[in-house]
Amino acid sequence: FHDPLTDLANRTLLVDRLTETLEMAPARSVAVLWLDLDDFKRVNDSLGHAAGDDLLREVSRRLRSVLRPGDLAARLGGDEFAVVVEDVPTEEDALRAGERVLLALSTPILVGERMVSVRASVGIAMSSPGEWTVDELLRNADLAMYIAKSQGKACVRLFEASMHDALMARLKLESELEQAVELAELVLHYQPIVQLTTGAIVGFESLVRWLHPTRGMLPPGEFIPLAEESGQIAQIDRWVLLQACTQARQWQRQHLIDDDFEVSVNLSTRQLEDDRVVDIVRLALDVSGLEPRCLVLEVTESFVLHDEVAGARRLRALRELGVRLAIDDFGTGYSSLSYLRQLPVDILKIDRSFTTALGRSTEDDALVMAIMRLAESLGLATIAEGVEDATQRDALVALGCRHGQGWHFARAVEAREMEALLRLAATLPQDAAH
Ligand code: C2E
Ligand code: CA
Ligand code: CA
């Protein structure tokens, strides 16, 4: 009845114990805390399984240390744990128990020679005898944990009935997304990237949308995060990559764009954590016939920081194909300067929040100036995102930024409209917002 690794109770013992409690009248409420470590896989992958085991043992020891007499802690497998707390009169008491657990885990753990910070997501379900079955209690605690995790991790959530509906909606969307690629429901839009001074189109960023059969056109924010979690992102990114390269190559053949045109594609962090990404990019280039130097892959800082060694190695492999790399949303992450210097990137995309703030105060302008100086000293090009008016454009030009994109020039548009823009002598109005 015990887990050999941690010596905590196993699932069978946990279920027995809950069954007993729930059958026992009169009203004695019981709470189940369902706990799942955040990013445990990363510890396992980077420090090895023995280190992972050490970590699990220490987590178990800490869980035990916060138990009161009569409570029970169990390991459910992998990095999942449960704690049964009896006689919890109110929801506040249950939440407090959850916070106690997080607190116990908050001090970094020494694994081998490394200090590792462990965070966990905790879901709680409470029941009085006769209210829920053991299965329901466990399922609801698990669901609350799942919600806690999707809401930014390292937090405690109490089960609510609405969570059930939210989960059902999500599962539905996930299965619909499964078919979206096959049914050709994905649509690629293109946002022009322009020369700020002239408005001439020098490239485009590919932005995916989902033409959902009943809900209409969904923006990426509504399904990309879900696809990243479910793994469906690999399929989506592959499709986008091929579509963008093929479309650009076609426009080149029609002489609508020249050979220096920049085709930008977003690569999700999840994709970049997979070595196959290099083959996928190579294949898209081969199949489409697009020159590698026309392709720009946008990656975020968070990826870069995630796994420094493997991350930088993969970026280098991509760059050896001849494509260029851009750091997306630059300025919103926390990459250190020295680290940035070692990265094989070519372009910084200045995050929209900086562009928006331009012209508001000298401090805000100074931030963009600092980014421009940084880019210059590292020999990187810059693209300003989210340019919405002429004031911002002028400020950017004054600071030395040459390229930008944003609603002042054009929104992301479908292929036909993009083609029309390209036919219009590849020049967009400089002073009239679109
Ligand atoms: P992002 O890469 O930062 O893309 C820029 C987003 O800003 C786009 O939103 C674009 O429509 C929007 N935008 C452009 N100009 C302006 C402006 O002047 N003002 C304002 N307020 N917004 C502007 P969108 O298309 O909703 O994309 C959101 C995010 O979804 C993207 O952020 C990107 O992270 C992700 N995404 C989009 N397409 C793909 C894709 O094919 N693959 C992956 N992995 N992610 C994608
Ligand atoms: Ca982007
Ligand atoms: Ca961006």
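Derivation of every value follows stated rules applied to the coordinates shown; laboratory data play no part. Here the structure is a predicted model, which is why all the values come from computation and not from measurement. Here Cβ is always computed from backbone atoms with ideal geometry, including for glycine, and neighbour counts include all displayed protein chains.
Relative to the longest principal axis of the Cα atoms of the chain, helix 134-150 runs at roughly 30 degrees. Helical content alone sets the calculated 222 nm signal of the chain at -14500 deg cm²/dmol, taking -39,500 (n - 2.57) per DSSP H segment of four or more residues and averaging over every residue. Taking a Cβ cut-off of under 12 Å around M369, the surrounding Lys, Arg, Asp and Glu residues balance to a net charge of -3, with basic ones at +1 and acidic ones at -1. Cα centroid separation, segment 233-280 to segment 323-372: 23 Å. The calculated pair-distance distribution of segment 50-91 uses every alpha carbon pair, bins of 10 angstrom beginning at 0, and gives 26, 49, 20, 5, 0 percent.
To the nearest µm²/s, what D does Stokes-Einstein give for the chain at 20 °C and 1.002 mPa s, using the Kirkwood radius over alpha carbon pairs as Rh? List each step's numbers first, then the result.
Working: Rh = 24.6 Å.
Result for D is 87 µm²/s.
For the chain, the longest principal axis of the Cα atoms and the long axis of helix 49-66 meet at an angle of about 50 degrees. Just to check, using Stokes-Einstein with a Kirkwood Rh over alpha carbon pairs, what's the diffusion coefficient of segment 312-432 at 4 °C and 1.567 mPa s in µm²/s? Stokes-Einstein gives a translational diffusion coefficient of 83 µm²/s. In this structure, the amide hydrogen of L207, modeled 1.01 Å from its nitrogen in the peptide plane, lies closer than 5 angstrom to those of H189, Y190, Q191, counting only residues at least 5 positions away or on a different chain.
A protection proxy built from the mean count of other Cβ atoms within 10 Å ranks the segments 234-242, 146-154, most packed first, as 234-242, 146-154.
Among 160-167, 405-412, sorting by the average number of other beta carbon atoms lying within 10 angstrom of each residue, highest first, gives 405-412, 160-167.
In this calculation the C-beta distance from T269 to R57 is compared with R0 = 22 Å, giving a FRET efficiency of 0.15.
Relative to the dominant Cα principal axis of the chain, helix 11-23 is inclined by about 60°.
Please express the shape of segment 151-280 as an equivalent ellipsoid: the semi-axes are the square roots of 5 times the eigenvalues of the C-alpha gyration tensor, given largest first in whole angstrom.
On the way: eigenvalues 224, 52, 48 Å².
In descending order the semi-axes read 33, 16, 15 Å.
Please give the net charge around A74, taking every other residue with its beta carbon less than 15 angstrom from that of A74, where Lys and Arg add +1 and Asp and Glu add -1.
On the way: positive: R11, R17, R57, R61, R62, R64, R75; negative: D3, D7, D16, E20, D36, D71, D79, E80, E86, D142.
Residues near A74 contribute -3 overall.
In this structure, the residue pairs whose Cα-Cα separation is over 22 Å, taken from K149/K172; K41/K349; K41/K172, are K41/K349; K41/K172. Quick one: grab the alpha carbon gyration tensor of segment 47-180, order the square roots of its eigenvalues as a ≥ b ≥ c, and give me rounded if a/c is under 1.5, else prolate or oblate depending on whether a/b is larger than b/c. Here segment 47-180 falls in the oblate category.
Residue by residue, segment 255-262 carries 3J(HN,Hα) couplings of 6, 8, 9, 9, 6, 9, 4, 9 Hz when phi is fed to the Karplus relation 6.51 cos²θ - 1.76 cosθ + 1.60 (θ = phi - 60°); x denotes Gly or Pro.
Looking at segment 1-64, which chymotrypsin sites (Phe, Trp or Tyr not before Pro) are in a loop (DSSP not H, G, I, E or B) and have at most 12 other Cβ atoms within 10 Å? For chymotrypsin sites (Phe, Trp or Tyr not before Pro) across segment 1-64 that sit outside H, G, I, E and B with at most 12 neighbouring Cβ atoms in 10 Å, the list reads F1.
Here the gap between E20 and A370, fully extended at 0.36 nm per residue and compared with their Cα-Cα distance, gives a gain of 119.6 nm.
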